[in-house]
1. Can you pull out every residue in region 254-278 that is in contact with a helix residue (DSSP H, G or I) (Cβ under 6 Å, 6 or more places away or on another chain), of a type in the set (Gly, Ala, Ser) and closer than 16 Å to residue 233 by Cβ?
2. Has region 59-69 got at least one residue that is in the same structural domain as residue 291 (by TED's automatic domain parsing), among the acidic types (Asp, Glu), at pLDDT 95 or above and in a strand (DSSP E or B)?
3. Among residues belonging to region 70-108 that are in a helix (DSSP H, G or I) and in contact (Cβ under 8 Å) with a residue 40 or more places away in the chain, point out the one that is surrounded by the fewest Cβ atoms within 10 Å (Cβ to Cβ).
4. Look at region 107-118 and say how many of its residues are more than 19 Å from residue 42 (Cβ to Cβ) and under 18 Å from the mean Cα position of the chain (by Cα).
5. Could you grab me the full set of residues in region 224-273 that are closer than 19 Å to residue 140 by Cα, of a type in the set (Gly, Ala, Ser) and out of contact with any Asp or Glu (no Cβ under 8 Å at 6 or more places or on another chain)?
6. Given the condition farther than 30 Å from residue 28 by Cβ, part of a helix (DSSP H, G or I) and within 24 Å of the chain's Cα centre (by Cα), answer yes or no: does some residue in region 270-287 qualify?
7. Picking from 213, 220, which residue would you name as being in a loop (DSSP other than H, G, I, E, B), in contact with a strand residue (DSSP E or B) (Cβ under 9 Å, 6 or more places away or on another chain) and among the hydrophobic types (A, V, I, L, M, F, W, C)?
8. If only one of 254, 197 is among the small types (Gly, Ala, Ser) and touching a residue at least 40 places away in the same chain (Cβ under 8 Å), which one is it?
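The values are calculated or read from the model by the stated rules, or taken from the named source; none is laboratory data. Values in this document were obtained by computation on a predicted structure and should not be read as measured data. Positions of Cβ are backbone-derived with ideal geometry, glycine not excepted, and every protein chain shown enters the neighbour counts.
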Amino acid sequence: MKLTCKAAFLCTAIAAPLAAQSDDINIAFLAASSQNGFNQAIYAGIEEAAAKYEDVNVEIFDGAFSATTQFSQVEDLVAGGRFDGMIVTPNDTVGIATALEDAVAQGVSVAATLFPIGPELSQMEPQVEGLTTTVAADPSIGARAQAEAVADYCADIDPCKVAVIVGQLIYPFDNLRNDTYTEVFAQHSNIEVVATGEGNYSPATSMVAMQDILQANPEIDAVLGSADQHMMGAEIALSDAGIDISSIYMIGGGLNQISVDGIRDGTYDATLAQFPHSMGAAALDALVGSLRGEEVPTWIDEYSLRDVPTIVDKQWLDANPDFQGEWQG
């Protein structure tokens, strides 16, 4: 809004209500990457939940998919003293724990989304003393469900050649997912994982990874991506190679709207359900409640936020024609 000021004091008086008041609750969202669609959807949920309160302000910070950047952000925000709480989608679930321990010690309330903070990714209860809440699910549960869906498809194919695309193997959560895939596939002698690529949650990076995989392994029966963005890139690479995508079983993760549409039209087969918008809203509400002295759960299971199966396929979507994903892609 443009303000016409007849005097400096009048302009200040008009603009003051637009600024955060000293007794407001100010919460920072430390995104793993503010350019990432999943993180943007978490923040949209945070913003929507914050809008229900008259005294809650939120701000997003870009972690740029860098553990060191995000660690420094925590230190800087605590030192600045501007925020009462932080919601963190971590790049390094282990490394950032020290910074968040210091944040809690300085009186900043902390919530985690997508993954727990600490060395045990399957431990949802706080591993950082004083952490308010974690809104997440054990990553190995979803990874196991994805791999089992691939194994079901491969049941009558021998050998069944599978390409896997994860985010980055440097990330503890991607290592856990990949280890889970390996564990499940080891139980099926007909399944051959021909290659594992890194897509970094980017369609463009995933496209290149899939192109590299196809150069050495032109015959593929299934592609398992830890994220829907990986499927989007793999689809382009397969099409460019002249491969009929309908002959390839393709399963991703995240349940974005692009994948929902793709499953409905037969481009993709399935995806792991995830709910970033709901996660963000739940984290914001829990943090605000805690800051107001209310008792809040230390763990909110992501899968409790929506009545949707772990693996979403065409059969389920056909039975639920009005379903929409919580993020675009």
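1. If the condition is that a residue be in contact with a helix residue (DSSP H, G or I) (Cβ under 6 Å, 6 or more places away or on another chain), of a type in the set (Gly, Ala, Ser) and closer than 16 Å to residue 233 by Cβ, then 254, 259 are the ones that fit.
2. Yes, some residue in region 59-69 is in the same structural domain as residue 291 (by TED's automatic domain parsing), among the acidic types (Asp, Glu), at pLDDT 95 or above and in a strand (DSSP E or B).
3. Across region 70-108, the extreme among qualifying residues is 77.
4. Number of matching residues: 1.
5. Passing the criteria: 225, 227, 273.
6. no
7. Of the residues listed, the single one that is in a loop (DSSP other than H, G, I, E, B), in contact with a strand residue (DSSP E or B) (Cβ under 9 Å, 6 or more places away or on another chain) and among the hydrophobic types (A, V, I, L, M, F, W, C) is 220.
8. The match here is 254.
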